[in-house]
Amino acid sequence: LRSLYPRTGKSLNIGITGAPGSGKSTLVDRLATHYRDSNRRVGIIAVDPTSPYSGGAILGDRIRMKSRSTDEGTFIRSMATRGNLGGIARATVDAMLVLDAAGFDTILVETVGVGQDEVDVVKAAAVTLVLLVPGMGDDVQTMKAGIMEVGDVFVVNKSDLPAADRVEAEVGALLSISNREDGWEPRIVKTIASEGKGIAECAAAIDDYMRYVQSHSLKRPRDIRIHEERVLDIARHAILKEILSQPGASGALRSLAARVADREIDPYEAAEELLRSRGARNKE
Ligand SMILES: Nc1nc2c(ncn2[C@@H]2O[C@H](COP(=O)(O)OP(=O)(O)O)[C@@H](O)[C@H]2O)c(=O)[nH]1
Ligand SMILES: [Mg+2]
């Protein structure tokens, strides 16, 4: 990644998030086709919450995206989330960098918008699509709980189903009371991904946002914010790794934890102790 890094920064990274079954893979496949038609090289990364060994969801995604898988201008990579400490977000961003360096100018990242990991992933994208579908009552609820802020474009997919208009109105109402720091008013587009309807409108909304970012000089501040997070994340990880790789570290952690469990010390004290072991070594 160090040697690749100077070659990165050229791709348009698009995050797509939404509940399982909302049609993310279907939309990604259609968007990929749309971009391929204008000769862009498309990288696709699917972050799936189920392990490839138990759920088979990854194979499912690959099969569903089959129309793309024989095309040289498309690369599909699935990432399994195996519950490691924020590792998936880092690994996903790394995968985006590799595709970027390899000349994929458009990268679509599909994540299930649930955990912090997924939110971290979409925060690293230049533009984020939030998928909603009619008939999932708590979706709008979920948006209030945080996904609202990450959406630059809201996609009401499965607009062939009744109540799509209502979802659109609800999202619109919610958006009208939120006010974004950057002044962008998120677009709402209706799609029927399974029939390829609304895809051009969706791509146009993405373009609109990117133009807005460009014309309001938002790109650099946003990039800096993204990279601040990333540097912190890598540093945090490195510190933990350093502490836990010291000889006897796991034993020391175990006995600290036992003392916390016995109410001998509190967890904050224990954490400080753990950090001190690192400070001591650095002085040596
Ligand atoms: N009725 C309808 N079904 C759709 C639409 N888009 C996707 N689907 C179906 O919804 C199911 C889940 O789609 P998928 O793309 O796998 O969702 P994901 O879990 O969010 O990636 C599949 O059976 C799709 O064919 C749509 O616009 N309308
Ligand atoms: Mg999917």
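Any read-out appearing in this document is the output of simple, stated calculations on the displayed coordinates, not a laboratory observation. Just so we're clear, the structure is a prediction, and the values are computed from it rather than from any experiment. Methodologically, a virtual Cβ is constructed for each residue, glycine included, from the backbone with ideal geometry; neighbour enumeration extends over all protein chains shown.
With R₀ fixed at 30 Å, the C-beta to C-beta distance from Val231 to Asp105 puts the FRET efficiency at about 0.75.
The spacing between the range 257-279 and the range 159-174, judged by their C-alpha centroids, is 51 Å. Spin-label model, Asp94 to Arg254: label points 7 Å out along the Cα-to-beta-carbon direction sit 2.8 nm apart. A P(r) calculated from all alpha carbon pairs of the range 158-197, with 10 Å bins opening at zero, reads 27, 43, 24, 5 percent. Evaluated with a Cβ-only charge set (Lys, Arg +1; Asp, Glu -1), the range 193-284 carries a dipole of roughly 300 debye about its Cα centre, given to the nearest 20. Ranked by the mean number of other Cβ atoms within 10 Å of their residues, highest first, the peptides 230-237, 32-39 fall in the order 32-39, 230-237.
Among the listed pairs Lys10/Lys158; Lys123/Lys158; Lys24/Lys123, those with a Cα-Cα distance over 29 Å are Lys10/Lys158. Is the shape of the range 181-227 best called rounded, prolate or oblate, per the rule: a/c under 1.5 gives rounded, else a/b larger than b/c gives prolate, else oblate, with a ≥ b ≥ c the square roots of the Cα gyration tensor eigenvalues? Cα axes put the range 181-227 in the prolate bin. Note down the net charge around Val260, summing +1 for each Lys or Arg and -1 for each Asp or Glu among other residues with Cβ under 13 Å from its Cβ. Once positives and negatives cancel, what remains is -3.
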